[in-house]
Amino acid sequence: MTPLTPVDRLRPLNSKLVSHKPAHQHHRTDTNMQAPIDYLNPQLPANLRCVSMPLVAATDATLSGYGRLVDDPAQCQVEIVRWPAQGTRPVDADTGDEAGTTEGVFISEWRGDILYGSNEAVGGNYILAYAVAPELASTEHDRPPARMLLWHANYHPDGGQLFFPLERRPFYVPLALPGDDVTPERFVCFSFDGTQGLYIHPNIWHEGVFGLAGKQRFFDQQGAVHARVSVDFAREFNCLLEASIG
């Protein structure tokens, strides 16, 4: 495939859409996260509690440690993490980071009460969030969502990730700092006005980009290895992460 030029990257692209517990307790349920996750049919338990995320306007200051704002995607270099050594000998300095990046269009689309995502860069299709309890969710209406309920998040140990809006419309991105001991209360929901994009460092917990209504498109660039480490809030913490968007 011929690499995209900086102008091509901003050009519209064809894509395939592809029981309650007290909030202060963390009763983490161990799950077999090695089994493939069915992102389009997560079969979540009913009656999950909700953990509210603080809503913070995205600035370079508030994003410190997570990443940064991006004015021009052509000027944003995605970090690639060198393949880790397996013993006492180091990986040769000119190897282990040569897979580069992959890119495409990330689509965030509300259909009734369900927010669907598709990532052309890695061929992924997902349910990102719900506007109501998952067991009550319906796609048979067009009412705008008043909140989003997040059931899953992940990070990429192999590289960073860039999201840049192809339409100048507001969007949200929930993030948490690195650590496999992550808990729901560590997540912050950052709001963006649609005039700038977001770059996140490797190992930052996230779950794509969340449009506030209808369908929104983003240019996505990330590490081509695409290693993914997951947290399932519903099964591990008996909860969903919540943010108001109405």
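Structure data summary
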| quantity | calculated |
| --- | --- |
| Residue list for the stretch 101-128, restricted to those being in a strand (DSSP E or B) and of a type in the set (D, E) | E103, E109 |
| Some residue of the stretch 170-188 being surrounded by fewer than 22 Cβ atoms within 10 Å (Cβ to Cβ), in contact with a strand residue (DSSP E or B) (Cβ under 8 Å, 6 or more places away or on another chain) and of a type in the set (S, T, N, Q) | no |
| Strands (runs of 3 or more DSSP E) within the stretch 132-242 that include 2 or more residues among the aliphatic types (A, V, I, L, M) and farther than 20 Å from I37 by Cα | 171-175, 197-200 |
| Unmet requirement for R235, which otherwise passes all of (1) under 13 Å from H156 (Cα atoms); (2) at pLDDT 95 or above | (1) |
| Residue match in the stretch 54-67 (condition: loosely packed, with under 14 Cβ neighbours inside 10 Å, within 18 Å of the chain's Cα centre (by Cα) and not in a loop (DSSP other than H, G, I, E, B)) | yes |
| Check on V122, closer than 20 Å to F164 by Cα, out of contact with any strand residue (DSSP E or B) (no Cβ under 6 Å at 6 or more places or on another chain) and not aromatic (F, W, Y) | yes |
| Flag if D97 is surrounded by 15 or more Cβ atoms within 10 Å (Cβ to Cβ), acidic (D, E), touching a Lys or Arg at 6+ places or on another chain (Cβ under 9 Å) and not in a strand (DSSP E or B) | yes |
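Matching residues to (1) under 15 Å from the mean Cα position of the chain (by Cα); (2) under 22 Å from D60 (Cα atoms); (3) crowded, with 22+ Cβ neighbours inside 10 Å:
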residue: G197; (1), (2), (3): yes, yes, yes
residue: H206; (1), (2), (3): yes, yes, no
residue: V209; (1), (2), (3): yes, yes, yes
residue: K215; (1), (2), (3): no, no, no
residue: F218; (1), (2), (3): yes, yes, yes
residue: H226; (1), (2), (3): yes, no, no
residue: V229; (1), (2), (3): yes, no, no
residue: F233; (1), (2), (3): yes, no, yes
residue: N238; (1), (2), (3): no, no, no
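The values are calculated or read from the model by the stated rules, or taken from the named source; none is laboratory data. These figures come from a predicted structure and were not determined experimentally. Neighbour counts are summed over all protein chains in view; Cβ atoms, including those assigned to glycine, are modelled from backbone coordinates with ideal geometry.
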